[in-house]
Amino acid sequence: MGKFAVILPAAGRSTRFGNAKQKKVFAELDGRAVWLRAAEPFVNRDDVGQTIVVIAPEDRELFELRFRASVAFLNIRVIEGGAERSDSIAKALEILEPDCEFVAIHDAARPCVTADQIDAVFAAAREHGAALLAVPVADTIKRVGADRHTTETVPRRDLYLAQTPQVFRRELLLQAYANRAQLGADVTDDTQLVEALGQSCAVVESTSLNLKITSQADLRLASAVLQALPKPKRDGPVHPFTDERAMW
């Protein structure tokens, strides 16, 4: 079976994080940077042939200083991204290894994904060509006007909140990115590009525990989630730079 390449976009500006001195993906979460927590579930998998982290050019010096040893030990390729998220993904797609038949894109700010979730979404992508983790909408949805008054209640039936990983057959994702200019600037995730080709994406039901770090408060939530989740089995060696506090 073909290998998976994993792309972790980490070039965002973190404008909502509330810390002008540090981006969210570099924040410490129980002794490790958020992006490392997001990458770790993938790096020792037998079905993952390549892991790429995409950073902003202005973060290169900091990244090299803090993470060079971890990146080398974990065999992670680090490249510089573009102005928008889709630009960063497009750059990563240019350096895919030939034996990677599938591409998984996972937010570098989503550190609580589990091995079981990855297993499920990888299997769905193999079967259907495109798949994503998503959570059914549980709350009542209100559409709100410019004056911040409600205009209607949107039925929540069949509505899901998209998460990552989002996983695609390589040729399908390359075709979707080749056509991305047709969608303009309103692209918020990769399934949207694939859907524009007329290809549906299989939904693998997830939970809210696979949260994305946006604010400082999310770090506290993620820490509680990590403590509650079963500890992953490690088939490979534990790298000596796991806990940044030991380095510094």
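The values are calculated or read from the model by the stated rules, or taken from the named source; none is laboratory data. Predicted model only: the values in this text are computed from it and were never measured. Neighbour counts run over all protein chains shown; Cβ positions are idealised from the backbone, glycine included. What goes into the accessible areas is simple: the full protein's heavy atoms, side chains included, and nothing from ligands, DNA or RNA. Shrake-Rupley method; radii C 1.70, N 1.55, O 1.52, S 1.80 Å.
The charge dipole of the range 79-141, taken about the Cα centre with unit charges on the Cβ atoms of Lys, Arg (+1) and Asp, Glu (-1), comes to about 160 debye, rounded to the nearest 20. GNM on the chain, alpha-carbon springs under 10 angstrom: the most fluctuating residue among ILE105, ILE76, ILE213 is ILE76. Net charge near ALA181: determine it from the other residues with C-beta under 14 Å of the C-beta of ALA181, scoring Lys and Arg +1 and Asp and Glu -1. With Lys, Arg at +1 and Asp, Glu at -1, the neighbours total -2.
GNM on the chain, alpha-carbon springs under 10 angstrom: the most fluctuating residue among THR140, THR51, THR207 is THR140.
How big, in percent, is the set of alpha carbon pairs in the chain lying more than 25 Å apart? When every Cα pair of the chain is considered, 43 percent fall beyond 25 Å.
Placing unit charges on the Cβ atoms of the charged side chains and taking the dipole of the chain about its Cα centre, the candidate lying farthest along the positive direction among GLY12, VAL54, ALA83 is GLY12. Sorting LEU161, LEU29 by accessible area puts them as LEU161, LEU29; the probe is 1.4 Å, largest comes first, and only protein heavy atoms count.
Sorting VAL194, VAL154 on solvent-accessible area from highest to lowest, probe radius 1.4 Å, gives VAL154, VAL194. Summing charges over all other residues whose Cβ lies under 13 Å from the Cβ of ALA11, with Lys and Arg as +1 and Asp and Glu as -1, gives 0. Expressed as a whole percent, the accessible surface of the range 1-133 that belongs to carbon and sulfur atoms is 47, based on a 1.4 Å probe. Placing +1 on the Cβ of every Lys and Arg and -1 on the Cβ of every Asp and Glu, with no other charges, gives the chain a dipole of roughly 660 debye about its Cα centre.
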